[in-house]
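Read the structure below first, then the notes.
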Amino acid sequence: MTEAILEPDLPIIDPHHHLWDLRPMMPMFPEPRHRFIETLVDAAYYTFDHLHADVTTGHNVVGTVFMECGAFYNAANGEALKPIGEVEYVNGVAAQSASGLYGPLRACAGIVGHADLTRGAAAGDVLDALKAASPDRFKGIRHQGAWDADPEVLGPPFHAPPELYRDATFREGFAELGKRGMSFDAWILEPQIGDVIDLARAFPDTPICLDHCGTPLGMASYTGKLQERFGVWRDAITELGQCENVMVKLGGLAMHNCAMPENGPAAGVGSEELARLWKPYIDTCIEAFGTKRAMFESNFPVDRWGATYPVLWNAFKRITTNASAGEKADLYAGNASRFYSVEDVLA
């Protein structure tokens, strides 16, 4: 779908996208593939050229932050240290973008990697190695905790252990982040927001970002239950918003998990309809966290399932039509620049 770009001069830092090559992994997933895998097939190969093509479609994206996704791990490093390969790869992409040969975009100005925090205090050595791999760009990690009793929600390969964020050994590893001034991105599913609340209260000095509005669910056993569960989600988000060390990413709603829209990929739904679907969730998050602790994200290429890159950002801009210029500056770039310490992108 093609649309005129709304507010084309508004600076944007996209604080959540991936780079990967999933093609070698596809034979590992037997037919019929779980729907979550099927949503990734169209974007199984997504590297700098694809990202650059998306972010240069009209919106003023001045910089981005890469989010870990298990890509380009280096097995030669051993099990604990293999995520260093991902950071090394992305640091090279960032250098490619920073060369200026591809325009002013500062892609991957910040890098969020992965360390297995269930290794306890030993995770500290991995964090140090990740930082050494990209001293200026590496900012913190994500250790996803998404789990649901219904295995059809994500599919077995993507399920974390239940209540991972409450596990004592995980928290021993989590404490290593605070010692180093690093941030943590939390990806969980809507029924698990309480786990993030408990984690944030236990570590009030560690900056945490909740990804994807807490991932509301509208598929598998949750099909047709978005409206029914909205109040439960809202109450949990409101409680989490009281934790001053937590920010929220406004996005991820075009994933198939959320069923907003129900059909994809890039189902041809325009930004007006997407804004209508997403507005109750975006508005609730902004009300709970305030305009200083929320940031819009693309979650590309995963959210390509429900929206093209220009249409996705148009939908966000429709939702914030009545926001002030200062509020928009924070929501679209300022908050991301501060949380991930990439202020120089806006200089």
- Message: For the structure I just gave you, tell me whether Y89 is of a type outside the set (D, E, K, R) and surrounded by 19 or more Cβ atoms within 10 Å (Cβ to Cβ).
- Response: yes
Counted residues in segment 7-49 being at pLDDT 90 or above and open to solvent by less than 50 Å² (accessible area, probe 1.4 Å) come to 14
Checked pairs for segment 141-154, first modelled with pLDDT of 95 or more, second open to solvent by 20 Å² or more (accessible area, probe 1.4 Å) and assigned to a loop (DSSP other than H, G, I, E, B), C-beta under 6 Å and 6 or more apart or across chains, list as I141/H114; Q144/W187; A146/W187; W147/H159; W147/P162
For segment 282-302, pairs from a residue that is of a type in the set (S, T, Y) to a residue that is open to solvent by 10 Å² or more (accessible area, probe 1.4 Å), with Cβ under 8 Å and 6 or more apart or across chains, are T284/R234; T284/T238; T291/A323; T291/E327; T291/D330; S298/D54
_I'd like to check something: does segment 271-280 contain any residue that is touching a Leu at 6+ places or on another chain (Cβ under 8 Å), open to solvent by 10 Å² or more (accessible area, probe 1.4 Å), at pLDDT 95 or above and of a type outside the set (G, A, S)?_
yes
Note on segment 109-131: residues of a type in the set (A, V, I, L, M, F, W, C) and not in a helix (DSSP H, G or I) are A109, I111, V112, A115
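Per-residue answers, yes or no, for (1) over 16 Å from the mean Cα position of the chain (by Cα); (2) closer than 30 Å to T320 by Cα; (3) surrounded by 21 or more Cβ atoms within 10 Å (Cβ to Cβ):
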| site | (1), (2), (3) |
| --- | --- |
| N60 | yes, yes, no |
| M67 | no, yes, yes |
| E79 | yes, no, no |
| P83 | yes, no, yes |
| A95 | yes, no, no |
| P104 | yes, yes, no |
All conditions in (1) part of a helix (DSSP H, G or I); (2) surrounded by 24 or more Cβ atoms within 10 Å (Cβ to Cβ) are true of K317 except (2)
Flagged in segment 285-314 as assigned to a helix (DSSP H, G or I) and small (G, A, S), in numbering order, are A288
If we ask which residues in segment 230-258 are among the polar types (S, T, N, Q) and open to solvent by less than 10 Å² (accessible area, probe 1.4 Å), their number turns out to be 1
**Prompt:** Right, A132: over 21 Å from Y73 (Cα atoms), at pLDDT 95 or above and open to solvent by 10 Å² or more (accessible area, probe 1.4 Å) or not?
**Reply:** no
Subset of segment 281-304, residues open to solvent by 20 Å² or more (accessible area, probe 1.4 Å) and in contact with a Pro (Cβ under 9 Å, 6 or more places away or on another chain), comes to R304
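The values are calculated or read from the model by the stated rules, or taken from the named source; none is laboratory data. Just so it is clear, the model here is predicted, and its values are computed rather than measured. Neighbour counts are summed over all protein chains in view; Cβ atoms, including those assigned to glycine, are modelled from backbone coordinates with ideal geometry. Calculation scope for accessible area: heavy atoms of the full protein, side chains included, ligands and nucleic acids excluded. Shrake-Rupley method; radii C 1.70, N 1.55, O 1.52, S 1.80 Å.
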